[in-house]
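Presented below is the structure to which this report refers.
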Amino acid sequence: MNAPLPVQVLKQHLIDPEICIRCNTCEETCPVDAITHDSNNYVVDPDICNGCMACVPPCPTGSIDNWRLVLRADAYSVQDQLGWEELPQEKALPESADAGAAAALPDAVPPEPSVAAGVAFSAAGASVPPWSAAHPYVNLYTHKAPMTATVVGNYRVTGADTESDIHHIVLDFGDLPFPVLEGQSIGILPPGADAQGRPHHARQYSLASPRDGERAGYNNLSLTVKRVTEDHGGAAAHGVCSNYLCDLAKNDTVQVIGPFGHTFLMPNHPRANLIMICTGTGSAPMRAMTERYRRRIDTGENGRLMLFFGARTERELPYFGPLMKLPRDFIDINLALSREAGQPKRYVQDLIRERGPQVLDLLADRNTCIYVCGLKGMEVGVLDALRDVTMQSGQDWSILHDVLRREGRLHFETY
Ligand code: A2P
């Protein structure tokens with residue numbers, strides 16, 4: 001049984017281009033840089049991949065979890081994979097190689113992914129959900145069989161005179177099931193084709209509404225979408241999907257895939273506390289979770305909510321008005337404004353430090369989960385701030401960080 005894998009056989013790790021939503025999670029997670037991408041596909045370099053599986057649990061769609069037994073000499077190259085529209089069929093190996101490979105699998109094949117067991121961790125956050133999270137459904141609708149949703153609302157949630165054109169978009173699914181949880185995302189298929197004439201890939205958006213709908217009891221959900229007019233470097237750039245979405249009118253239809261995500265989920269047990277840290281449209285999952293809590297405010301089930309929210313100014317902070325109307329004893333709101341006239345520049349991490357004692361108090365409770373969503377750049381800043389407040393109290397951040405990851409209590413979604 002434990003004969004070594006014949007050297008000529010490889011269990012090749014592949015990504016299914018039909019399910020992949022190009023979210024970059026795998027490329028960021030891979031500890032050996034075996035994953036790369038172009039404008040078409042995310043692919044795994046067979047010469048570098050060591051089958052460590054670190055990339056598998058964090059993948060929100062499961063597209064990463066594909067394997068083919070191939071002769072090493074026939075391994076699909078990076079170039080091959082970049083050109084794929086779908087995964088190739090499994091090919092029969094020559095008989096001698098096949099038998100040997102089967103016998104050798106226990107030694108040669110990486111363990112099956114086990115999200116529940118939480119064996120793999122992404123660099124900073126957990127790759128398992130909190131223990132009490134509800135069961136998420138994923139991939140119910142795919143590129144090949146998307147769902148048609150109808151736009152029932154689309155309005156701007158930032159000041160009209162500001163640069164940040166952020167929209168709240170409500171999609172209705174009619175009679176078709178689209179079960180979601182707070183923290184999950186969906187994919188939108190923008191119409192048209194890219195420069196190579198290929199249909200546009202889906203773009204991923206986090207839900208801004210709770211599981212029971214943007215309007216409670218309705219089969220709908222909402223998204224928070226920023227119109228992209230420039231790239232990260234500030235050069236002019238036209239966001240294909242964000243502009244499409246922000247320009248939609250009521251009753252327009254949209255092709256939707258998903259839902260996606262099985263880790264960035266809220267705890268489902270009573271009196272769980274949430275620390276939510278976000279910038280800009282990263283507020284979408286925080287709105288979803290907060291709204292879930294708000295709807296059961298009178299039940300006595302809620303734990304504490306603490307929010308750190310970064311934006312340039314109040315007028316550029318999505319949902320500013322409704323947020324500020326929430327009762328102070330329901331949610332502890334901390335706004336970090338970076339470009340408000342007459343005020344010092346503040347980032348969320350500055351406020352985490354300022355509120356260190358309260359953050360620590362929550363962290364000491366095993367019922368507390370932390371969610372971070374927004375600009376990639378804040379990830380390091382937030383981790384540093386959490387380390388500082390922990391160390392100042394004499395605790396070892398590296399130990400606490402490991403515990404938070406292992407227990408599915410620290411989640412990042414940055415872009
Ligand atoms: P800044 O004014 O320096 O850009 P945006 O409006 O671009 O989506 O950004 C949302 C908020 O996040 C802004 O206040 C922005 O500040 C802030 N921000 C930018 N970089 C970081 C970072 N590295 N850590 C935390 N916040 C950041």
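Could you look through region 179-214, keep only residues that are among the basic types (Lys, Arg) and at pLDDT below 95, and pick out the one that is farthest from residue 248 (Cα to Cα)? First the steps, then the outcome.
Of region 179-214, the ones among the basic types (Lys, Arg) are 198, 203, 211.
Keeping just the survivors that are at pLDDT below 95 gives 198, 203.
Details: 198: 22, 203: 16 Å.
By that ranking, first place goes to 198.
Cβ contacts < 6 Å: first residue among the polar types (S, T, N, Q), restricted to region 9-26; second residue assigned to a strand (DSSP E or B), any location; separation 6+ or different chain. Result?
Final answer for the pair search is 12/68; 12/70.
Just to be sure before I move on: is residue 211 surrounded by 15 or more Cβ atoms within 10 Å (Cβ to Cβ), in contact with a Cys (Cβ under 7 Å, 6 or more places away or on another chain) and at negative phi in the structure I sent?
Working: surrounded by 15 or more Cβ atoms within 10 Å (Cβ to Cβ): yes; in contact with a Cys (Cβ under 7 Å, 6 or more places away or on another chain): no; at negative phi: yes.
Criteria not met by residue 211.
Considering only residues that are assigned to a helix (DSSP H, G or I), free of Cβ contacts under 8 Å to residues at least 40 places away in the same chain and away from the ligand (no atom under 12 Å from the Cβ), which ones fall in region 328-362? Spell out the reasoning first.
Going residue by residue through region 328-362, those that are assigned to a helix (DSSP H, G or I) are 348-354, 356-362.
After this cut, where a residue has to be free of Cβ contacts under 8 Å to residues at least 40 places away in the same chain as well, the list is 349-350, 353-354, 356-357, 360-361.
353, 354, 356, 357, 360, 361, listed by residue number.
Considering only region 225-233, I want to know if a residue exists there that is touching a residue at least 24 places away in the same chain (Cβ under 8 Å), within 15 Å of the ligand (Cβ to nearest atom) and part of a strand (DSSP E or B).
Scanning region 225-233 turns up at least one residue that is touching a residue at least 24 places away in the same chain (Cβ under 8 Å), within 15 Å of the ligand (Cβ to nearest atom) and part of a strand (DSSP E or B).
Within the set of pairs 6 or more residues apart or between chains, which connect a residue that is of a type in the set (Phe, Trp, Tyr) inside region 367-391 to a residue that is within 13 Å of the ligand (Cβ to nearest atom) and modelled with pLDDT of 95 or more with Cβ atoms less than 8 Å apart?
371/277; 371/278
Just give me the residues in region 283-309 being under 23 Å from residue 186 (Cβ atoms) and touching a Phe, Trp or Tyr at 6+ places or on another chain (Cβ under 8 Å), in sequence order.
Within region 283-309, 283, 284, 285, 286, 287, 289, 293, 294 meet the criteria.
Could you list all residues from region 123-136 that are modelled with pLDDT of 95 or more and touching a strand residue (DSSP E or B) at 6+ places or on another chain (Cβ under 6 Å)?
The answer is 130, and nothing else.
Can you find, within region 384-410, the residue that is surrounded by the most Cβ atoms within 10 Å (Cβ to Cβ) among those that are under 17 Å from residue 347 (Cβ atoms) and away from the ligand (no atom under 11 Å from the Cβ)? Spell out how you get there, then give the answer.
Looking only at region 384-410, we keep the residues that are under 17 Å from residue 347 (Cβ atoms), and these are 384-389.
Now drop any that are not away from the ligand (no atom under 11 Å from the Cβ), which leaves 386-389.
Numbers: 386: 26, 387: 16, 388: 15, 389: 21.
Top of the filtered list is 386.
Looking at (1) more than 30 Å from residue 182 (Cα to Cα); (2) in contact with a Phe, Trp or Tyr (Cβ under 8 Å, 6 or more places away or on another chain); (3) open to solvent by 20 Å² or more (accessible area, probe 1.4 Å), which is the one condition that is false for residue 36?
All conditions pass for residue 36, except number (1).
Checking residue 154 against (1) crowded, with 16+ Cβ neighbours inside 10 Å; (2) assigned to a loop (DSSP other than H, G, I, E, B); (3) not hydroxyl-bearing (Ser, Thr, Tyr), which single condition isn't satisfied?
The failed condition is (2).
Test residue 52 against the stated conditions and say whether it is open to solvent by less than 40 Å² (accessible area, probe 1.4 Å), outside any strand (DSSP E or B) and hydrophobic (A, V, I, L, M, F, W, C). Reasoning before the result, please.
Details: open to solvent by less than 40 Å² (accessible area, probe 1.4 Å): no; outside any strand (DSSP E or B): yes; hydrophobic (A, V, I, L, M, F, W, C): yes.
Considered against the rule, which asks whether it is open to solvent by less than 40 Å² (accessible area, probe 1.4 Å), outside any strand (DSSP E or B) and hydrophobic (A, V, I, L, M, F, W, C), residue 52 comes out as no.
Does region 262-281 contain at least one residue that is open to solvent by 60 Å² or more (accessible area, probe 1.4 Å) and either farther than 21 Å from residue 131 by Cβ or of a type in the set (A, V, I, L, M, F, W, C) (or both)?
Looking through region 262-281, none of the residues is open to solvent by 60 Å² or more (accessible area, probe 1.4 Å) and either farther than 21 Å from residue 131 by Cβ or of a type in the set (A, V, I, L, M, F, W, C) (or both).
Name the pairs whose Cβ atoms lie under 8 Å apart, with the first residue in region 394-415 and farther than 22 Å from residue 374 by Cβ, the second among the polar types (S, T, N, Q), and 6 or more positions between them or separate chains?
What qualifies is 396/390; 400/390.
Does residue 137 satisfy being within 24 Å of residue 291 (Cα to Cα), within 16 Å of the ligand (Cβ to nearest atom) and aromatic (Phe, Trp, Tyr)? First the steps, then the outcome.
Working: within 24 Å of residue 291 (Cα to Cα): yes; within 16 Å of the ligand (Cβ to nearest atom): no; aromatic (Phe, Trp, Tyr): yes.
Considered against the rule, which asks whether it is within 24 Å of residue 291 (Cα to Cα), within 16 Å of the ligand (Cβ to nearest atom) and aromatic (Phe, Trp, Tyr), residue 137 comes out as no.
Within region 132-162, restricting attention to residues that are in contact with a helix residue (DSSP H, G or I) (Cβ under 9 Å, 6 or more places away or on another chain) and among the charged types (D, E, K, R), which residue is farthest from residue 258 (Cα to Cα)?
161
Wholly within region 252-327, which strands (runs of 3 or more DSSP E) include no fewer than the required count, namely at least 3 residues that are within 16 Å of the ligand (Cβ to nearest atom) and touching a residue at least 24 places away in the same chain (Cβ under 8 Å)? Spell out how you get there, then give the answer.
Values: elements: 253-260, 273-279, 305-311.
Qualifying strands (runs of 3 or more DSSP E): 273-279, 305-311.
Give the number of residues within region 63-74 that are among the small types (Gly, Ala, Ser) and surrounded by fewer than 18 Cβ atoms within 10 Å (Cβ to Cβ). Don't jump to the end; show me each part of the working.
Keep residues of region 63-74 that are among the small types (Gly, Ala, Ser), which gives 63, 73.
The next check asks that each one be surrounded by fewer than 18 Cβ atoms within 10 Å (Cβ to Cβ); those that pass are 73.
Looking only at that region, the number is 1.
Here's a check for you: in region 363-383, which residue that is surrounded by fewer than 16 Cβ atoms within 10 Å (Cβ to Cβ) and charged (D, E, K, R) is farthest from the ligand (Cβ to nearest atom)? Lay out the reasoning, then the answer.
Restricting attention to region 363-383, the residues satisfying the condition of being surrounded by fewer than 16 Cβ atoms within 10 Å (Cβ to Cβ) are 364-366, 376-377, 380.
So of that shortlist, the ones also charged (D, E, K, R) come out as 365-366, 376.
Working: 365: 25, 366: 27, 376: 8 Å.
Taking the candidates together, the pick is 366.
The values are calculated or read from the model by the stated rules, or taken from the named source; none is laboratory data. Source: prediction; values computed, not measured. Counting neighbours? That spans all protein chains shown, and the Cβs are built from the backbone with ideal geometry, glycine included. Side chains are part of the model used for accessible areas, which takes the heavy atoms of the whole protein and leaves out ligands, DNA and RNA. Shrake-Rupley method; radii C 1.70, N 1.55, O 1.52, S 1.80 Å.
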